[in-house]
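**Q** Here it is, the structure in full.
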Amino acid sequence: MATVPSVSNSITVRLEVPATGNAVSSITTAVESSGGSVTGLDVTASGLEALRIDVTVAAASVAHGEEIVEKLRAIDGVTIGKVSDRTFLMHLGGKIEMSSKLPIRNRDDLSMIYTPGVARVCMAIAENPEDARRLTIKRNSVAVVTDGSAVLGLGNIGPQAALPVMEGKAALFKRFAGIDAWPICLDTQDADEIVAIVKAIAPGFAGINLEDISAPRCFEIEARLREALDIPVFHDDQHGTAIVVLAALTNALRVVGKEIGDIRVVMSGAGAAGTAILKLLLAAGVEHATVADVRGVVHSGRDDLNDSLRWIAEHTNRSGRTGSLKEAVADADVFIGVSAPNVLDGDDIATMADGAIVFALANPDPEVDPAVARQTAAVVATGRSDFPNQINNVLVFPGVFRGLLDAQSKTVNTDMMIAAARALATTVADDQLNANYIIPSVFHPDVAKTVASAVREAALAAREGEPIPAKPTPGIVGTLDTTSFPAVRI
């Protein structure tokens, strides 16, 4: 699949050119003839003989950016100065920070925020640990925990290299849901150690977001932490992806006029994301599903089934299919890929049923070229931002955690995830829905609050009989009405 210029590979080149002549047009011509895109051109200094110009260019890759710089260097009279990678500049010094919510202007402020006044608050929490949710950052805090073993598109790069991703995740939590999230990168890939560490730090958080932990360890780690902790534990690579897929499928079925209980779904990928998607689709009403991995269709007769694959074999493939993914996809209504690039081609998609739906979610290169799939499929979605219908976890995890935190939930379950998916689907109105718009933009103003509200209601329903937490102030996501707080014993 051809690569296109992207802001993620954007560079700014500082150069000097003669003040007279056609140097500026030569610059733009050189960039565009190299396949780049000029997104900004600023004269930053001017003299009688020379101009200093900053040219911002979108390239397709790092290597492509270097090619463009060399093309600029070859222009007669042009001198190349500093070349800045805009993405690296954005990450310089990290992307998040801690700041105080209260001013510390004098001794009175200091004595209440810290010692000696803080001791009274500490003792109140010691007497009633639940007060930690009201009197500390715990009530609005999520730990984003990784071991760096399965970073999207990069693999096992370790905890330090994974930190920029976790910082980005924390920034998204704050931007879209007002949640204070903290990147926790663990220098161990031992499941027992990860469980022990997360249990040890859990008192400071109201939720745990597991991130970029490889399968099958991620299943065990999540299950053990859910059993051990009284706060929700959510592996976003599994469940965030599953929720967005269910929401997108709900709307895609509206486009093609099919019912979820009637369709035949074929999936490529039986790892963490694939298994979670499958389980949520089955819970939401899918009756006919077939899953393939690198060895072909998963069925009970295979001799290589681990516990996860055995569960898949027992709960799918009612017709007893064997063989390859290409064979399985024939006559299917829906294809969902969370596996590897280019495992299907246009001829394979053409064998699917009328009104076919294709979700090719491998990144950066999908299971099938989206443009080719669209020639015969009715609806196509990818994980990429440069095609319509991007399946992106940021549509879900901020709102899910906002709802869980507002409900003071102690867990997260399938009902809450289905509620999130249905809420996300409703943000696309009937008069907006079409084959190229089955899922909203991550910047849609209603996404986080709609998902949060649905999850909160589902979480409260799961807590039937317990005191109902204060409801968020209308119009302000993540802000609780402090006047409804019960008195704290001091």
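**Q** Please go through segment 231-249 and pick out each residue that is farther than 16 Å from V447 by Cα and assigned to a helix (DSSP H, G or I). Steps first, answer last, please.
**A** Keep residues of segment 231-249 that are farther than 16 Å from V447 by Cα, which gives 231-239, 242, 249.
Within segment 231-249, D236, D237, Q238, H239, A242, L249 meet the criteria.
**Q** Filtering segment 206-219 down to residues that are modelled with pLDDT under 95 and over 17 Å from the mean Cα position of the chain (by Cα), which residue is surrounded by the fewest Cβ atoms within 10 Å (Cβ to Cβ)?
**A** P216
**Q** Could you tell me which numbered condition R224 fails, if it satisfies all but one of (1) outside the structural domain of T414 (by TED's automatic domain parsing); (2) of a type outside the set (V, I, T); (3) more than 30 Å from L186 (Cα to Cα)?
**A** (3)
**Q** Taking K138, is it without any contact (Cβ under 8 Å) to a residue 24 or more places away in the chain, closer than 28 Å to K410 by Cβ and either exposed (fewer than 15 other Cβ atoms within 10 Å of the Cβ) or in contact with a Phe, Trp or Tyr (Cβ under 9 Å, 6 or more places away or on another chain) (or both)?
**A** no
**Q** State which residue pairs qualify: first residue closer than 13 Å to I213 by Cα and assigned by TED's automatic domain parsing to the domain that holds A215 and inside segment 179-199, second residue basic (K, R) and crowded, with 17+ Cβ neighbours inside 10 Å in any location, beta carbons under 7 Å apart, and separation of 6 or more residues or different chains.
**A** A191/R217; V195/R224
**Q** Residue check, A248 against (1) within 17 Å of I439 (Cβ to Cβ); (2) over 19 Å from the mean Cα position of the chain (by Cα), all met but one. Which one?
**A** (2)
**Q** When only residues in segment 396-411 that are under 17 Å from the mean Cα position of the chain (by Cα) and within 15 Å of H235 (Cα to Cα) count, which is surrounded by the most Cβ atoms within 10 Å (Cβ to Cβ)?
**A** V400
**Q** Within the bounds of segment 358-368, is there any residue that is surrounded by fewer than 23 Cβ atoms within 10 Å (Cβ to Cβ), modelled with pLDDT under 95, acidic (D, E) and out of contact with any His (no Cβ under 8 Å at 6 or more places or on another chain)?
**A** yes
**Q** Right, next: When you look at A202, is it touching a residue at least 24 places away in the same chain (Cβ under 8 Å), surrounded by fewer than 21 Cβ atoms within 10 Å (Cβ to Cβ) and not in a loop (DSSP other than H, G, I, E, B), yes or no?
**A** yes
**Q** Restricting the search to segment 68-86, which residues are surrounded by fewer than 16 Cβ atoms within 10 Å (Cβ to Cβ), under 37 Å from the mean Cα position of the chain (by Cα) and in a helix (DSSP H, G or I)?
**A** The answer is E70, and nothing else.
**Q** Kindly check whether there is at least one residue in segment 274-281 that is within 29 Å of the chain's Cα centre (by Cα) and over 22 Å from Q390 (Cα atoms).
**A** Within segment 274-281, not a single residue is within 29 Å of the chain's Cα centre (by Cα) and over 22 Å from Q390 (Cα atoms).
**Q** Quick one: which residue in A124, A162, A143 is without any contact (Cβ under 8 Å) to a residue 60 or more places away in the chain and either touching a Pro at 6+ places or on another chain (Cβ under 8 Å) or of a type in the set (A, V, I, L, M) (or both)?
**A** That would be A162, the only listed residue that is without any contact (Cβ under 8 Å) to a residue 60 or more places away in the chain and either touching a Pro at 6+ places or on another chain (Cβ under 8 Å) or of a type in the set (A, V, I, L, M) (or both).
**Q** If you check S100 against the conditions, is it touching a Gly at 6+ places or on another chain (Cβ under 8 Å) and among the polar types (S, T, N, Q)? Spell out how you get there, then give the answer.
**A** On the way: touching a Gly at 6+ places or on another chain (Cβ under 8 Å): no; among the polar types (S, T, N, Q): yes.
Judged against the criteria, S100 is not a match.
**Q** Of all residues in segment 370-400, count the ones that are over 18 Å from A330 (Cα atoms), in a loop (DSSP other than H, G, I, E, B) and free of Cβ contacts under 8 Å to residues at least 60 places away in the same chain.
**A** Here the count works out to 5.
**Q** From the set of residues in segment 323-356 that are within 21 Å of G271 (Cβ to Cβ) and of a type in the set (V, I, T), which is farthest from the chain's Cα centre (by Cα)?
**A** V329
**Q** Taking segment 401-448 as the region of interest, how many residues are part of a helix (DSSP H, G or I) and of a type outside the set (G, A, S)?
**A** Filtering segment 401-448 for residues part of a helix (DSSP H, G or I) gives 401-406, 414-426, 447-448.
Next, from what is left, pick out any that are of a type outside the set (G, A, S): 401-402, 404-406, 414-418, 422, 424, 426, 447.
The number of residues fulfilling the criteria is 14.
**Q** Across segment 173-196, what is the number of residues that are assigned to a helix (DSSP H, G or I) and surrounded by 18 or more Cβ atoms within 10 Å (Cβ to Cβ)?
**A** Total meeting the criteria: 5.
The values are calculated or read from the model by the stated rules, or taken from the named source; none is laboratory data. Note that this is a predicted model, so its numbers are computed, not measured. Heads up, the Cβs are rebuilt from the backbone with ideal geometry, glycines too, and the neighbour counts pull from every protein chain shown.
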